[in-house]
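A quick write-up on the structure given underneath.
The values are calculated or read from the model by the stated rules, or taken from the named source; none is laboratory data. In this text, all values refer to a predicted model and were calculated from it rather than measured experimentally. Quick reminder, even Gly has a Cβ in these numbers, built from the backbone with ideal geometry, and neighbours come from all protein chains shown. These area figures cover heavy atoms from the full protein model, side chains too; ligands, DNA and RNA do not enter into them. Shrake-Rupley method; radii C 1.70, N 1.55, O 1.52, S 1.80 Å.
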Amino acid sequence: VQLQASGGGLVQPGGSLRLSCVASGSIFLMGWYRQAPGKQRDLVAAITSGGSTNYADSVKGRFTISRDNAKNTVYLQIDSLKPEDTAVYYCHARTKLRGYNYWGQGAKVTVSS
């Protein structure tokens, strides 16, 4: 499975952004991780093919994950951006039965005035 992410950029605090990630095939779990400079890569949000979601506490209420199974695409809507949201956001996918993990290239998000 190959993942192609898009949608990063420079945004002012309080602004919004939408990240997209297209998978080359259908896959059970899709989501987003982020890695800020000098920090580890952490889960942001994930969604199953059935629509069950999971969010990091730090983004609840501001980030919304969704997916279009027909398009093998996952989206991350980011609202009320804060400078601490600045990071490289990585698309992630995992198969259900064997738990194989796949990563897309990063989408850099910079929140700055």
Hits among lysines - C-alpha to C-alpha of Lys39 under 25 Å, sequence gap 8 or more where chains match: Lys60, Lys82, Lys108
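Counting only heavy atoms of the protein chains, get the accessible area per residue of the chain (1.4 Å probe) and round it to a whole Å² value.
I get 54 Å² per residue for the chain.
By the scheme Lys and Arg +1, Asp and Glu -1, what is the net charge of all other residues having a beta-carbon under 14 Å from that of Gly61?
0
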Once label points are set 7 Å from the Cα along Cα→Cβ at both Lys82 and Leu97, what is their separation, rounded to one decimal in nm? 4.2
Strictly greater than 22 Å: what percent of every Cα pair in the chain meets that? 25
Counting only other residues whose beta carbon sits under 15 Å from that of Val74, what net charge do I get with K and R as +1, D and E as -1? +4
Determine the percent antiparallel among the DSSP beta bridges restricted to the chain, to the nearest 5. 95
Anchor Lys71: lysines whose Cα lies under 20 Å away (excluding residues fewer than 8 positions away in-chain): Lys96
Expressed as a whole percentage, what fraction of the accessible surface of the chain belongs to carbon and sulfur atoms when a 1.4 Å probe is rolled over the protein heavy atoms? 46
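Counting only other residues whose beta carbon sits under 14 Å from that of Gly14, what net charge do I get with K and R as +1, D and E as -1? Each step should come with its number before you reach the end.
On the way: positive: Arg62, Lys82; negative: Asp79, Glu84, Asp85.
In short, -1.
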Distant alpha-carbon pairs in region 11-62 (separation over 18 angstrom), percent: 44
Under a plain spin-label model, where a point goes 7 Å from the Cα along Cα-to-Cβ, how far apart in nm are Gln35 and Ser58? 1.5
Size of charge dipole - the chain - debye, nearest 20, with Cβ of Lys, Arg +1 and Asp, Glu -1, no other charges: 240
For region 83-112, list residues with backbone N below 13 Å from a point placed 7 Å from the Cα of Lys71 toward its Cβ? none
Please say if region 65-113 is rounded, prolate or oblate, where rounded means a/c under 1.5 for a ≥ b ≥ c the square roots of the C-alpha gyration tensor eigenvalues, and otherwise the choice is prolate for a/b larger than b/c and oblate otherwise? prolate
